[in-house]
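Asker: Have a look at the structure that comes next, please.
Each value in this text was obtained by applying a stated rule to the coordinates, not by laboratory testing. All values reported here derive from a predicted model rather than from experimental measurement. Please note: Cβ atoms are built from the backbone with ideal geometry, for glycine as well, and neighbour counts cover all protein chains shown.
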Amino acid sequence: MSTRNFTVAFFVAVGVLSCKKNPPADLTKQNIIPNPVSATASEGVFELTKGSSIYTEGESAELKQIGQYLADKINPATGFGLMVSSTRGAPGRGNIYLAVSTTDAPLGDEGYELTISRDLVNVTANKPAGLFRAVQTIRQLLPDRIERSSVQPGPWELASGTIRDYPNYSFRGAMLDVGRHFFGVEDVKRFIDLISFYKMNVLHLHLTDDQGWRIEIKSWPNLTAHGGSSEVGGGKGGFYTQEQFKDIVKYAADRYVTIIPEIDTPGHINAALASYPDLNCNGKAPVLYTGTQVGFSTLCARKDITYKFVDDVVRELAELTPGPYVHIGGDESHATKKEDYIVYVNKAQEIVHAHGKQMIGWDEISQSTIKPNTIAQFWSNVAFAKAAVAQGAKIIMSPAKKTYVDMKYDSTTKLGQAWAAYIELEGAYSWDPATYAEGIGKENILGIESPLWTETITTMDEIEYMVFPRMVGYAEIGWSPAAGRSWDEYKVRLGNHAGRLKALDIDYYRSKLVPWADRSDSGGGNPPASR
Ligand code: TNX
């Protein structure tokens with residue numbers, strides 16, 4: 001053995017030994033994000049071994065799929081090849097058991113109870129979604145290296161005790177703008193993997209904008225043939241075929257994430273206007289647009305063909321999307337006369353309802369007569385959001401000053417914009433949706449969503465750098481109880497989470513505000529030179 005190999009072997013051996021000597025901290029001191037509602041510790045640890053199995057209760061294919069998801073997450077690093085089997089009643093020692101067995105009202109649709117003893121990891125929930133959320137907790141209770149894709153040294157121990165956990169808000173979302181720059185199916189799937197790891201349950205896809213139309217509409221094929229061929233900066237753009245979109249929807253559904261498709265109308269519509277001259281009031285198609293201005297394009301609210309178009313698009317989207325919502329945009333329609341805007345939104349709302357969906361729109365839609373089951377997404381104008389509340393609508397909280405992850409972290413951030421604010425991690429975390437805007441209380445709020453606009457974002461690495469770790473904080477705001485939340489406590493937990501971000505290969509922003517617990521020179525990947 002060379003000196004170098006000996007040195008490596010020595011440190012690996014010490015590493016393994018020190019793992020053995022360092023059982024996990026007790027369950028109340030575990031570094032879990034989002035913070036669970038309650039945790040109590042008990043004596044001892046559970047050790048996952050190659051003899052362990054994952055058992056799911058009964059013959060439910062859905063539960064087996066969740067069990068298999070957990071197996072797929074822990075098999076690569078452990079090398080154990082754990083199997084998933086169905087059972088009736090709790091299995092014997094050394095196993096993981098997932099059951100939808102209880103009627104435990106406080107747990108709701110996504111909550112779970114996770115009880116870990118020396119003998120068993122026992123998860124119960126009212127619904128399969130709760131088991132899926134619990135699986136994310138189990139991942140975080142295992143050492144960081146569980147997230148690696150090659151075999152790592154054990155042991156694989158979990159602290160014992162009980163976690164009871166459920167979300168503060170039923171809607172915890174992220175938005176990805178695939179209109180300004182197009183991102184392919186694999187990028188979207190990674191995005192879904194990452195948000196679902198933090199128990200988020202909504203991905204809003206901003207599918208159309210002035211610069212590109214990204215979803216195949218069979219009855220209007222030129223939308224993608226022509227309107228999908230551009231993007232900011234003049235790149236080649238792209239679009240999802242309906243088959244690809246269904247694949248994304250299924251991938252998301254398997255992770256208990258609902259896809260919300262947005263067709264931004266009546267403004268932000270140049271790509272469609274460029275594809276079909278008839279959609280223009282003057283009957284002339286503009287050229288494709290690759291800049292970043294907003295507010296210059298509009299559908300022609302007084303032409304019948306506009307509503308035939310919206311009806312066809314919403315019908316096809318509704319067929320592709322099992323979730324309850326279709327988002328019709330409605331923001332920054334500066335080129336639409338106010339009276340036309342009101343007519344347009346009212347008609348779009350009828351169309352969305354006729355296709356069996358609830359309408360979501362940006363806060364400006366409250367200038368129309370919105371129905372109580374319509375949802376307004378607050379991004380900038382408190383008066384508009386309050387007008388939506390006054391009409392009985394619920395609000396999705398996406399204040400630009402807090403949740404827009406295209407905003408720079410500080411003046412030195414190369415990517416992004418700064419029109420709303422610089423948003424450092426503390427500002428992103430230290431606010432409460434229920435008290436942010438006077439007159440909009442928790443009872444009016446469906447949940448929180450953080451949008452990523454992509455005028456300046458062109459690669460998955462850049463997405464990760466802007467989104468992480470701000471998104472980790474939004475996930476906690478959405479899930480964990482507001483009482484007791486504090487930046488000083490959270491920043492330590494986030495710092496201790498560094499190894500996991502690295503193991504997940506997330507290319508995140510290493511804010512100086514956070515006491516990162518790994519070596520300061522071993523950050524999340526290699527930032528592209530551009531930032
Ligand atoms: C405002 S937010 C927009 C987007 C831009 C974003 C850039 C909203 C509803 N509209 O069209 O991409 O600012 O930060």
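Asker: For the chain, what is the percent of antiparallel DSSP beta bridges, rounded to the nearest 5?
Answerer: 30 percent
Asker: Spelling out what I want: for every residue of the range 216-227, take phi, set θ = phi - 60°, compute 6.51 cos²θ - 1.76 cosθ + 1.60 (Karplus), and round to whole Hz; glycine and proline get x.
Answerer: Residue by residue, the range 216-227 yields 4, 10, 5, 7, 9, x, 6, 4, 8, 4, 9, x Hz.
Asker: Given Cα pairs under 8 Å that are at least 6 residues apart, what percent is the relative contact order of the range 364-523?
Answerer: Answer for the range 364-523 is 19 percent.
Asker: Could you state the number of Å between the C-alpha centres of the range 176-199 and the range 387-424?
Answerer: 19 Å
Asker: Given 10 Å bins starting at zero, what is the percent of C-alpha pairs of the range 373-513 in each, up to the one with the largest pair distance?
Answerer: Answer for the range 373-513: a P(r) of 12, 40, 34, 13, 1 percent.
Asker: Strictly over 30 Å apart at the Cα level, which of LYS199/LYS401; LYS246/LYS284; LYS29/LYS250; LYS218/LYS250; LYS246/LYS512 would you flag in this model?
Answerer: With Cα atoms farther than 30 Å apart: LYS246/LYS284; LYS29/LYS250; LYS246/LYS512.
Asker: Related question: What lysines does LYS394 reach when the alpha-carbon gap must be under 16 Å and sequence neighbours fewer than 8 apart in one chain are set aside?
Answerer: Within the straight-line cut-off, LYS394 pairs with LYS357, LYS371, LYS386, LYS442.
Asker: Run the Debye formula on the Cα coordinates of the range 31-97, all scatterers equal and no solvent, and tell me log10 I(q)/I(0) at q = 0.28 1/Å.
Answerer: -1.13
Asker: Rounded to the nearest 500, what is the 222 nm mean residue ellipticity of the chain from helices alone, with -39500 (n - 2.57) per DSSP H run of 4+ residues and division by all residues?
Answerer: That comes out to -10000 deg cm²/dmol.
Asker: Within 10 Å of each candidate Cβ there may be at most 14 other Cβ atoms; applying that plus a DSSP loop requirement, which trypsin sites (Lys or Arg not before Pro) in the range 404-497 survive?
Answerer: Details: sites: LYS408, LYS414, LYS442, ARG470, ARG485, LYS491, ARG493; in loops: LYS408, LYS414, ARG485.
Sparse-neighbourhood loop trypsin sites (Lys or Arg not before Pro): LYS414.
Asker: Once a ≥ b ≥ c are taken as the square roots of the eigenvalues of the Cα gyration tensor of the range 111-181, is the result rounded (a/c under 1.5), prolate (a/b larger than b/c) or oblate (a/b not larger than b/c)?
Answerer: Note, shape of the range 111-181 comes out oblate.
Asker: Going out from 0 in 10 Å bins, what whole percent of all Cα-Cα distances in the range 333-448 drops into each bin?
Answerer: That works out to 14, 38, 30, 15, 2, in percent per bin.
Asker: Can you give the angle from 0 to 90° between the axis of helix 304-320 and the longest principal axis of the chain, with both taken from C-alpha atoms, to the nearest 10?
Answerer: Here the helix axis deviates by roughly 20 degrees.
Asker: Could you quote the convex hull projected area for the range 411-463, Cα atoms only and averaged over all directions, in nm²?
Answerer: That works out to 5.0 nm².
Asker: Please state the charge dipole magnitude for the range 204-325, taken about the Cα centre, from unit charges on C-beta atoms (+1 on K and R, -1 on D and E), reported in debye and rounded to the nearest 20.
Answerer: 140 debye
Asker: Still on this structure, I have one more. List the pairs from LYS308/LYS338; LYS236/LYS338; LYS308/LYS337; LYS73/LYS236; LYS408/LYS502; LYS402/LYS491 whose alpha-carbon separation is above 28 Å, in the order I gave them.
Answerer: Result: LYS236/LYS338; LYS73/LYS236 exceed 28 Å.
Asker: Mind jotting down a quarter of the surface of the convex hull over the alpha carbons of the range 65-165, in square nanometres, one decimal?
Answerer: Numbers: hull surface 24.1 nm².
That works out to 6.0 nm², a quarter of the Cα hull's surface.
Asker: If you don't mind, there's one more thing I want to ask. Taking a ≥ b ≥ c as the square roots of the eigenvalues of the Cα gyration tensor of the range 219-372, is the shape rounded (a/c under 1.5), prolate (a/b larger than b/c) or oblate?
Answerer: Numbers: a/c = 1.65, a/b = 1.10, b/c = 1.50.
Oblate.
Asker: Whole angstrom only: what separates the Cα centroid of the range 455-476 from the Cα centroid of the range 48-121?
Answerer: Distance between centres, Cα-based: 31 Å.
Asker: Give me, ordered by chain and number, the residues 5 or more places off ILE375 or on other chains with an amide H under 5 Å from its own placed amide H.
Answerer: Under 5 Å from the amide H of ILE375: MET359, ILE360, GLY361.
Asker: Which of the trypsin sites (Lys or Arg not before Pro) across the range 49-157 are loop residues per DSSP, with 13 or fewer other Cβ within 10 Å?
Answerer: LYS50, ARG88, ARG93, ARG118
Asker: For the chain, what is the relative contact order in percent, using Cα pairs closer than 8 Å and at least 6 residues apart in sequence? Walk me through the numbers before you get to the answer.
Answerer: On the way: 1179 pairs, mean separation 66.0, N = 531.
This gives 12 percent for the chain.
Asker: What relative contact order, as a whole-number percentage, does the range 362-414 give when Cα pairs under 8 Å and 6 or more residues apart are counted?
Answerer: Reported relative contact order: 33 percent.
Asker: Taking every pair of alpha-carbon atoms in the chain, give the share separated by more than 30 Å as a whole percent. Please report the intermediate quantities before stating the final value.
Answerer: Details: 71342 of 140715 pairs.
The answer is 51 percent, as a whole percent.
Asker: Still on this structure: Answer with one residue from ILE217, VAL123, ILE248: the one whose Cα lies farthest towards the positive end of the charge dipole of the range 118-256, charges on Cβ with Lys, Arg +1 and Asp, Glu -1.
Answerer: Checking the options against the dipole of the range 118-256, the answer is VAL123.
Asker: Same structure, new question: Enumerate by residue number the GluC sites (Glu not before Pro) in the range 376-454 meeting two conditions: DSSP loop (anything except H, G, I, E, B), and at most 14 other Cβ atoms within 10 Å of the site's Cβ.
Answerer: GLU438
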